[in-house]
Amino acid sequence: PDLAASLNNLGVRMGDLGQREEALQATDEAVQIYRQLATQRPDAFRPDLARSLDNLGYRLSGLGRREEALQATDEAVRIRRQLATQSPDAFLLHLAWSLTHLGNRLSDLGRREEALQATEEAVGLYRPLAAQRPDAFRPNLAWSLTHLGNRLSDLGRREEALQATEEAVGLYRPLAAQRPDALLPDLAMSLTNLGNRLSDLGRREEALQAADEAVGLYRQLAPQRPDALLPDLAMSLTNLG
(Lines give C-alpha, C1' and ligand atoms only; values in the text may rest on other atoms or scores of the structure.)
Protein backbone atom coordinates (compact mmCIF):
# COMPACT_ATOMS: atom_id res chain seq x y z
CA PRO A 1 0.00 0.00 0.00
CA ASP A 2 2.76 2.47 0.86
CA LEU A 3 4.59 1.73 -2.39
CA ALA A 4 1.38 2.33 -4.36
CA ALA A 5 0.74 5.62 -2.56
CA SER A 6 4.31 6.70 -3.21
CA LEU A 7 4.05 5.81 -6.90
CA ASN A 8 0.80 7.75 -7.17
CA ASN A 9 2.47 10.81 -5.64
CA LEU A 10 5.49 10.36 -7.88
CA GLY A 11 3.21 10.46 -10.91
CA VAL A 12 1.70 13.73 -9.69
CA ARG A 13 5.12 15.31 -9.10
CA MET A 14 6.38 14.21 -12.52
CA GLY A 15 3.22 15.54 -14.14
CA ASP A 16 3.75 18.91 -12.44
CA LEU A 17 7.13 19.10 -14.19
CA GLY A 18 5.72 18.11 -17.58
CA GLN A 19 7.34 14.64 -17.53
CA ARG A 20 4.27 12.99 -19.02
CA GLU A 21 5.54 9.56 -20.05
CA GLU A 22 7.27 9.00 -16.72
CA ALA A 23 4.20 10.24 -14.85
CA LEU A 24 2.01 7.77 -16.74
CA GLN A 25 4.37 4.89 -15.99
CA ALA A 26 4.39 5.59 -12.25
CA THR A 27 0.62 6.06 -12.10
CA ASP A 28 -0.06 2.91 -14.09
CA GLU A 29 2.09 0.90 -11.68
CA ALA A 30 0.17 2.38 -8.74
CA VAL A 31 -3.13 1.33 -10.33
CA GLN A 32 -1.90 -2.23 -10.83
CA ILE A 33 -0.89 -2.54 -7.17
CA TYR A 34 -4.11 -0.97 -5.88
CA ARG A 35 -6.20 -3.23 -8.12
CA GLN A 36 -4.56 -6.27 -6.55
CA LEU A 37 -5.03 -4.88 -3.04
CA ALA A 38 -8.66 -3.93 -3.68
CA THR A 39 -9.40 -7.48 -4.80
CA GLN A 40 -8.14 -8.78 -1.46
CA ARG A 41 -9.56 -6.02 0.78
CA PRO A 42 -12.12 -3.94 -1.14
CA ASP A 43 -13.36 -1.89 1.83
CA ALA A 44 -9.83 -0.73 2.58
CA PHE A 45 -8.44 -0.14 -0.91
CA ARG A 46 -11.23 0.68 -3.36
CA PRO A 47 -10.99 4.41 -2.51
CA ASP A 48 -7.27 4.34 -3.31
CA LEU A 49 -7.90 2.43 -6.53
CA ALA A 50 -10.44 5.05 -7.61
CA ARG A 51 -8.00 7.88 -6.85
CA SER A 52 -5.22 6.29 -8.84
CA LEU A 53 -7.60 5.53 -11.74
CA ASP A 54 -8.59 9.18 -11.80
CA ASN A 55 -4.94 10.15 -12.07
CA LEU A 56 -4.35 7.49 -14.72
CA GLY A 57 -7.16 8.90 -16.86
CA TYR A 58 -5.65 12.38 -16.59
CA ARG A 59 -2.19 11.09 -17.55
CA LEU A 60 -3.53 9.13 -20.53
CA SER A 61 -5.52 12.14 -21.71
CA GLY A 62 -2.40 14.31 -21.60
CA LEU A 63 -0.76 11.91 -24.04
CA GLY A 64 -3.73 11.82 -26.41
CA ARG A 65 -4.82 8.29 -25.47
CA ARG A 66 -8.43 9.33 -25.19
CA GLU A 67 -10.34 6.05 -25.22
CA GLU A 68 -8.10 4.58 -22.51
CA ALA A 69 -8.39 7.81 -20.53
CA LEU A 70 -12.19 7.61 -20.63
CA GLN A 71 -12.13 3.95 -19.60
CA ALA A 72 -9.98 4.68 -16.53
CA THR A 73 -12.02 7.73 -15.48
CA ASP A 74 -15.33 5.97 -15.99
CA GLU A 75 -14.17 3.15 -13.71
CA ALA A 76 -13.15 5.70 -11.08
CA VAL A 77 -16.63 7.30 -11.24
CA ARG A 78 -18.36 3.93 -10.87
CA ILE A 79 -16.30 3.03 -7.81
CA ARG A 80 -16.79 6.42 -6.21
CA ARG A 81 -20.52 6.42 -6.91
CA GLN A 82 -20.83 3.15 -4.98
CA LEU A 83 -18.70 4.51 -2.14
CA ALA A 84 -20.68 7.78 -1.99
CA THR A 85 -23.94 5.82 -1.76
CA GLN A 86 -22.59 3.96 1.27
CA SER A 87 -20.86 6.94 2.92
CA PRO A 88 -21.80 10.29 1.34
CA ASP A 89 -20.01 12.48 3.89
CA ALA A 90 -16.72 10.78 3.11
CA PHE A 91 -16.98 10.30 -0.65
CA LEU A 92 -19.30 12.84 -2.33
CA LEU A 93 -16.38 15.24 -2.75
CA HIS A 94 -14.34 12.55 -4.52
CA LEU A 95 -17.29 11.62 -6.73
CA ALA A 96 -17.66 15.25 -7.82
CA TRP A 97 -13.94 15.38 -8.64
CA SER A 98 -14.16 12.26 -10.80
CA LEU A 99 -17.31 13.47 -12.53
CA THR A 100 -15.58 16.68 -13.57
CA HIS A 101 -12.75 14.62 -15.07
CA LEU A 102 -15.31 12.36 -16.74
CA GLY A 103 -16.88 15.40 -18.38
CA ASN A 104 -13.48 16.36 -19.78
CA ARG A 105 -12.76 12.86 -21.06
CA LEU A 106 -16.17 12.64 -22.76
CA SER A 107 -15.65 16.08 -24.30
CA ASP A 108 -12.27 14.95 -25.68
CA LEU A 109 -14.16 12.30 -27.64
CA GLY A 110 -16.87 14.68 -28.88
CA ARG A 111 -19.58 13.26 -26.61
CA ARG A 112 -20.73 16.73 -25.63
CA GLU A 113 -24.16 16.14 -24.12
CA GLU A 114 -22.83 13.39 -21.87
CA ALA A 115 -19.89 15.60 -20.96
CA LEU A 116 -22.21 18.43 -19.91
CA GLN A 117 -24.37 16.05 -17.88
CA ALA A 118 -21.36 14.75 -15.92
CA THR A 119 -20.02 18.26 -15.26
CA GLU A 120 -23.40 19.62 -14.18
CA GLU A 121 -23.71 16.75 -11.71
CA ALA A 122 -20.27 17.60 -10.32
CA VAL A 123 -21.17 21.29 -9.85
CA GLY A 124 -24.41 20.24 -8.18
CA LEU A 125 -22.45 18.15 -5.68
CA TYR A 126 -19.86 20.86 -5.00
CA ARG A 127 -22.35 23.68 -4.32
CA PRO A 128 -23.72 22.39 -0.99
CA LEU A 129 -20.24 21.32 0.09
CA ALA A 130 -18.88 24.82 -0.61
CA ALA A 131 -21.85 26.38 1.22
CA GLN A 132 -21.16 24.26 4.30
CA ARG A 133 -17.36 24.64 4.31
CA PRO A 134 -16.35 27.49 1.99
CA ASP A 135 -12.68 27.56 2.95
CA ALA A 136 -12.29 23.90 2.09
CA PHE A 137 -14.48 23.50 -0.98
CA ARG A 138 -14.73 26.81 -2.86
CA PRO A 139 -11.60 25.97 -4.90
CA ASN A 140 -13.25 22.73 -6.01
CA LEU A 141 -16.46 24.52 -6.96
CA ALA A 142 -14.52 27.14 -8.92
CA TRP A 143 -12.56 24.43 -10.73
CA SER A 144 -15.72 22.56 -11.68
CA LEU A 145 -17.49 25.75 -12.79
CA THR A 146 -14.56 26.52 -15.11
CA HIS A 147 -15.10 23.18 -16.81
CA LEU A 148 -18.88 23.70 -16.87
CA GLY A 149 -18.33 26.92 -18.80
CA ASN A 150 -16.28 24.99 -21.35
CA ARG A 151 -18.89 22.25 -21.69
CA LEU A 152 -21.70 24.78 -22.19
CA SER A 153 -19.61 26.65 -24.75
CA ASP A 154 -19.02 23.40 -26.65
CA LEU A 155 -22.78 23.18 -27.13
CA GLY A 156 -23.18 26.81 -28.19
CA ARG A 157 -24.92 27.85 -24.96
CA ARG A 158 -22.88 31.04 -24.76
CA GLU A 159 -24.71 33.10 -22.16
CA GLU A 160 -24.80 30.19 -19.72
CA ALA A 161 -21.14 29.45 -20.46
CA LEU A 162 -20.22 33.06 -19.63
CA GLN A 163 -22.24 32.95 -16.42
CA ALA A 164 -20.45 29.80 -15.18
CA THR A 165 -17.02 31.18 -16.13
CA GLU A 166 -17.66 34.54 -14.46
CA GLU A 167 -18.69 32.74 -11.28
CA ALA A 168 -15.46 30.69 -11.40
CA VAL A 169 -13.32 33.83 -11.79
CA GLY A 170 -15.22 35.52 -8.97
CA LEU A 171 -14.45 32.60 -6.67
CA TYR A 172 -10.80 32.29 -7.72
CA ARG A 173 -9.87 35.97 -7.18
CA PRO A 174 -10.06 36.03 -3.37
CA LEU A 175 -8.78 32.46 -3.13
CA ALA A 176 -5.70 33.25 -5.24
CA ALA A 177 -5.02 36.34 -3.13
CA GLN A 178 -4.94 34.11 -0.03
CA ARG A 179 -3.03 31.20 -1.60
CA PRO A 180 -1.18 32.50 -4.68
CA ASP A 181 1.27 29.62 -5.02
CA ALA A 182 -1.56 27.10 -5.24
CA LEU A 183 -4.32 28.99 -7.02
CA LEU A 184 -2.87 31.69 -9.29
CA PRO A 185 -2.54 29.17 -12.16
CA ASP A 186 -6.24 28.33 -11.78
CA LEU A 187 -7.19 32.01 -11.80
CA ALA A 188 -5.09 32.51 -14.94
CA MET A 189 -6.81 29.58 -16.67
CA SER A 190 -10.27 30.80 -15.72
CA LEU A 191 -9.41 34.31 -16.99
CA THR A 192 -8.28 32.84 -20.32
CA ASN A 193 -11.61 31.04 -20.54
CA LEU A 194 -13.45 34.22 -19.58
CA GLY A 195 -11.78 36.05 -22.43
CA ASN A 196 -12.96 33.35 -24.82
CA ARG A 197 -16.52 33.40 -23.47
CA LEU A 198 -16.73 37.21 -23.77
CA SER A 199 -15.29 37.10 -27.28
CA ASP A 200 -17.91 34.51 -28.29
CA LEU A 201 -20.55 37.08 -27.37
CA GLY A 202 -18.85 39.96 -29.21
CA ARG A 203 -17.81 41.75 -26.01
CA ARG A 204 -14.34 42.41 -27.38
CA GLU A 205 -12.94 45.04 -25.07
CA GLU A 206 -13.86 43.01 -21.99
CA ALA A 207 -12.47 39.88 -23.64
CA LEU A 208 -9.16 41.64 -24.26
CA GLN A 209 -8.99 42.81 -20.65
CA ALA A 210 -9.47 39.27 -19.31
CA ALA A 211 -7.00 37.74 -21.78
CA ASP A 212 -4.41 40.40 -21.00
CA GLU A 213 -4.71 39.75 -17.26
CA ALA A 214 -4.31 36.00 -17.86
CA VAL A 215 -1.12 36.54 -19.87
CA GLY A 216 0.27 38.76 -17.12
CA LEU A 217 -0.29 36.02 -14.55
CA TYR A 218 1.23 33.31 -16.76
CA ARG A 219 4.30 35.48 -17.44
CA GLN A 220 4.79 35.70 -13.69
CA LEU A 221 4.22 31.97 -13.15
CA ALA A 222 5.97 30.34 -16.13
CA PRO A 223 9.59 31.07 -15.07
CA GLN A 224 8.93 29.24 -11.79
CA ARG A 225 7.63 26.06 -13.48
CA PRO A 226 8.51 26.35 -17.18
CA ASP A 227 7.95 22.71 -18.17
CA ALA A 228 4.42 22.75 -16.80
CA LEU A 229 3.33 26.35 -17.46
CA LEU A 230 5.05 27.53 -20.65
CA PRO A 231 2.40 25.71 -22.75
CA ASP A 232 -0.31 27.57 -20.82
CA LEU A 233 1.46 30.88 -21.42
CA ALA A 234 1.64 30.08 -25.14
CA MET A 235 -2.06 29.22 -25.24
CA SER A 236 -2.93 32.39 -23.38
CA LEU A 237 -0.83 34.50 -25.75
CA THR A 238 -2.60 32.90 -28.69
CA ASN A 239 -5.95 33.88 -27.20
CA LEU A 240 -4.66 37.38 -26.48
CA GLY A 241 -3.76 37.79 -30.15
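The values are calculated or read from the model by the stated rules, or taken from the named source; none is laboratory data. Given the structure is predicted, the values throughout are model-derived calculations rather than measurements. Every residue, glycine as well, gets a Cβ built from its backbone with ideal geometry; the counts of neighbours run over all protein chains shown. To get the accessible areas, we keep the full protein, side chains included, count just its heavy atoms, and leave off ligands, DNA and RNA. Shrake-Rupley method; radii C 1.70, N 1.55, O 1.52, S 1.80 Å.
Brief remarks follow.
Residue-by-condition table, conditions (1) hydroxyl-bearing (Ser, Thr, Tyr); (2) at pLDDT below 95; (3) farther than 23 Å from Leu102 by Cα:
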site	(1), (2), (3)
Asp16	no, yes, no
Val31	no, no, no
Gln40	no, no, yes
Asp54	no, no, no
Ser61	yes, no, no
Leu70	no, no, no
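- Residue check for Leu17: open to solvent by 80 Å² or more (accessible area, probe 1.4 Å) and either touching a residue at least 60 places away in the same chain (Cβ under 8 Å) or touching a Lys or Arg at 6+ places or on another chain (Cβ under 6 Å) (or both): yes
- Close pairs (7 angstrom Cβ cut-off, 6 or more residues apart or separate chains): of a type in the set (Ser, Thr, Tyr) in the stretch 147-164, open to solvent by 30 Å² or more (accessible area, probe 1.4 Å) anywhere: Ser153/Asp200
- Of the residues in the stretch 142-154, not one is open to solvent by 40 Å² or more (accessible area, probe 1.4 Å), farther than 24 Å from Ala96 by Cα and of a type outside the set (Phe, Trp, Tyr).
- Test result for Ala136, closer than 17 Å to Ala182 by Cβ and free of Cβ contacts under 8 Å to residues at least 24 places away in the same chain: yes
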